[in-house]
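Accompanying notes for the structure given below.
The values are calculated or read from the model by the stated rules, or taken from the named source; none is laboratory data. Nothing here was measured: the structure is a model prediction, and the numbers come from that model. Neighbour counts run over all protein chains shown; Cβ positions are idealised from the backbone, glycine included.
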């Protein structure tokens, strides 16, 4: 189970990073095309909307990478001065709180997805539910990463002696 | 249970608790919003995913990924070395030569980068090892480059200006143009400190570069220096939006990185795109989470109540601006710039409007103050980057940073109380 979790988390992350690079490249091409087309007097009706939705997916998929490596910005004032054992325990608590946040995003995100499934986007006429699904998808990926992190963080708490990072 | 006092107490109380626990700021904001909605406000929790989506579904905010990407392409594409060389040929002969060069190079780099940590990384990455080799002292070298990096978000382009502009509905173009005055002032203040300390410690200068050397380094960096002209010229003329200008900056950086400087290959490009996307996700998640938080604040009238409270302490413009600066400075010491902006701007902006401070000028006050927060411990993005490059601990850089922080605090006060520093250029160009 533990190995499976590790592997799933690693594979998901690799796929996510590839997706992120491509998404940013596509956004660049589309918005640049929008400028060029406007200069020659034509206009692309779908370009802005397409780039915006790509950015939404980029945000919530990309947030997972930060969760996996614990690189999201936090306030470093108190936990840093705690002894290493307590700090490891605090890490587990943070993981649990993160899971609570993901639960909210998944549960209520799904509600919004089902409500918006019969709405269409103005320009591309895609179902808005699919766009809102970016949040749910991101939260599911972040849940996998955090479950995997918990295993390691609990191991640190249980380890004997000082823990080295 | 749903009086504004109660909502504010639960919202800020739980947020503080999560901050202390070191829960990432973005998720802290989501969690305390959720708790407040459950405990105090009769709004279904669907509002959280809805607000998160709407905040990121924004074309103006798309300037953020493009400016991050353009900055990364520029620094990986070999532009940093050229800017350092240019700065060196111009002012390398002054007292404290390499220190001066660091600050000037940071100012140049600030004109193509919208981020301070990136500026410190790009210029400090070159200058700190060079300065250490020339016996400037590790902590002094790191402190100079950390301090110089803060200019990154003040001289346009600037991610905090984009954020402030979207939050308050202020023209991003005006903010960009206004940024030059405060940014140049910060550079000058830091140079004075460098000169003063270097003279005292006897750091020697290089010999003056000949006209020919200056001409060569100008020629080598001219393509990079053209980028801000394209960005600002395009936005100012009304030809592009800030986001479109940012994408043009990306294409321009790609072009000169691949075809002119020939420093970018496919392998580097893949890494730059992926890394930039991950940084973008971090910033946008913060912005989105803060918009949920901000929505709860505003829908319960909390900013108006806080503004009323502060205005009842004193009606004096000077006193209120000093109080605001003090608050910003304290928050800036332990909080990231964009996070602080999105939490504080909805609260402080009504106050500024009430005492008649121009929205663009107020943007400068907030952003300069929070930029200085990036070199004040315990949380300072530029300090962390500079320490990483110089391989020293945070404690070691803090002492060397004090004179720079002091100089920048004076700049904050000058920017706050001498309006033309910010407003001269936008007024001159009619960009208001």
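Taken as a whole, region B:343-355 holds at least one residue that is within 14 Å of chain A (Cβ to nearest Cβ), assigned to a helix (DSSP H, G or I) and within 27 Å of residue B:20 (Cα to Cα). Of the residues A:124, A:117, the single one that is more than 20 Å from residue A:62 (Cβ to Cβ), in contact with a strand residue (DSSP E or B) (Cβ under 6 Å, 6 or more places away or on another chain) and more than 9 Å from chain B (Cβ to nearest Cβ) is A:117.
Going by the structure shown, is residue A:86 crowded, with 19+ Cβ neighbours inside 10 Å, free of Cβ contacts under 8 Å to residues at least 40 places away in the same chain and either under 20 Å from residue B:72 (Cβ atoms) or more than 8 Å from chain B (Cβ to nearest Cβ) (or both)? Criteria not met by residue A:86.
Per the conditions (1) more than 23 Å from residue A:91 (Cα to Cα); (2) surrounded by fewer than 24 Cβ atoms within 10 Å (Cβ to Cβ); (3) in contact with a helix residue (DSSP H, G or I) (Cβ under 7 Å, 6 or more places away or on another chain), the sole criterion not satisfied by residue B:65 is (2).
Quick check on residue A:106: is it in a helix (DSSP H, G or I), at pLDDT 95 or above, more than 10 Å from chain B (Cβ to nearest Cβ) and buried (at least 18 other Cβ atoms within 10 Å of the Cβ)? No, not satisfied. Note on region B:323-345: residues that are farther than 21 Å from residue B:282 by Cβ and in contact (Cβ under 8 Å) with a residue 40 or more places away in the chain amount to 4. Selection of region A:8-38 for residues being under 19 Å from residue A:56 (Cα atoms), free of Cβ contacts under 8 Å to residues at least 12 places away in the same chain, facing chain B (nearest Cβ under 7 Å) and over 15 Å from the mean Cα position of the chain (by Cα) yields A:25, A:28, A:32. Taken over region B:242-271, residues that are within 11 Å of another protein chain (Cβ to nearest Cβ) and either modelled with pLDDT under 85 or farther than 19 Å from residue A:51 by Cα (or both) amount to 6.
Just checking, does region B:238-249 include any residue being surrounded by fewer than 15 Cβ atoms within 10 Å (Cβ to Cβ) and under 24 Å from residue B:166 (Cβ atoms)? Working first, answer last.
Residues of region B:238-249 surrounded by fewer than 15 Cβ atoms within 10 Å (Cβ to Cβ): B:238-239.
From what's left, under 24 Å from residue B:166 (Cβ atoms): B:238-239.
Yes, region B:238-249 has at least one match.
One residue alone among B:258, B:270, B:306 is crowded, with 18+ Cβ neighbours inside 10 Å and part of a helix (DSSP H, G or I), and that residue is B:306. Testing residue A:2 on (1) surrounded by 15 or more Cβ atoms within 10 Å (Cβ to Cβ); (2) touching a helix residue (DSSP H, G or I) at 6+ places or on another chain (Cβ under 6 Å); (3) more than 9 Å from chain B (Cβ to nearest Cβ), one condition comes back false. Which one is that? Here residue A:2 meets the rest and fails (1). Among the criteria (1) within 7 Å of another protein chain (Cβ to nearest Cβ); (2) more than 29 Å from residue B:332 (Cβ to Cβ); (3) outside any helix (DSSP H, G or I), the one residue A:75 does not fulfil is (2).
Of all residues in region A:56-72, those satisfying the criterion of being closer than 18 Å to residue B:25 by Cα, surrounded by 16 or more Cβ atoms within 10 Å (Cβ to Cβ) and more than 7 Å from chain B (Cβ to nearest Cβ) are A:60, A:61, A:64, A:67, A:68, A:70.
Given the structure, is residue A:85 at pLDDT below 90 and in a helix (DSSP H, G or I)? Criteria met by residue A:85.
Residues satisfying the criterion are absent from region B:27-38 (criterion: in contact with a helix residue (DSSP H, G or I) (Cβ under 9 Å, 6 or more places away or on another chain), more than 29 Å from residue A:81 (Cβ to Cβ), surrounded by fewer than 18 Cβ atoms within 10 Å (Cβ to Cβ) and modelled with pLDDT under 95). Only residues that are farther than 17 Å from residue A:32 by Cβ and touching a helix residue (DSSP H, G or I) at 6+ places or on another chain (Cβ under 8 Å): list them for region B:232-263, please. Correct list: B:232, B:236, B:260, B:261, B:263. In region B:374-381 there is no residue matching the filter, namely being within 14 Å of chain A (Cβ to nearest Cβ), within 14 Å of the chain's Cα centre (by Cα), at pLDDT 95 or above and buried (at least 19 other Cβ atoms within 10 Å of the Cβ). A count restricted to region B:137-166 and to residues that are buried (at least 24 other Cβ atoms within 10 Å of the Cβ) and not in a helix (DSSP H, G or I) stands at 5.
One residue alone among A:140, A:113, A:157, A:136 is modelled with pLDDT under 90, in contact with a helix residue (DSSP H, G or I) (Cβ under 7 Å, 6 or more places away or on another chain) and surrounded by 15 or more Cβ atoms within 10 Å (Cβ to Cβ), and that residue is A:157.
Exactly one condition in (1) exposed (fewer than 15 other Cβ atoms within 10 Å of the Cβ); (2) within 23 Å of residue A:109 (Cβ to Cβ) is false for residue B:326; which is it? All conditions are met except number (2). Has region B:198-210 got any residue that is assigned to a helix (DSSP H, G or I), at pLDDT below 95 and surrounded by 20 or more Cβ atoms within 10 Å (Cβ to Cβ)? Within region B:198-210 (the criterion being assigned to a helix (DSSP H, G or I), at pLDDT below 95 and surrounded by 20 or more Cβ atoms within 10 Å (Cβ to Cβ)), the answer is yes, since at least one residue qualifies.
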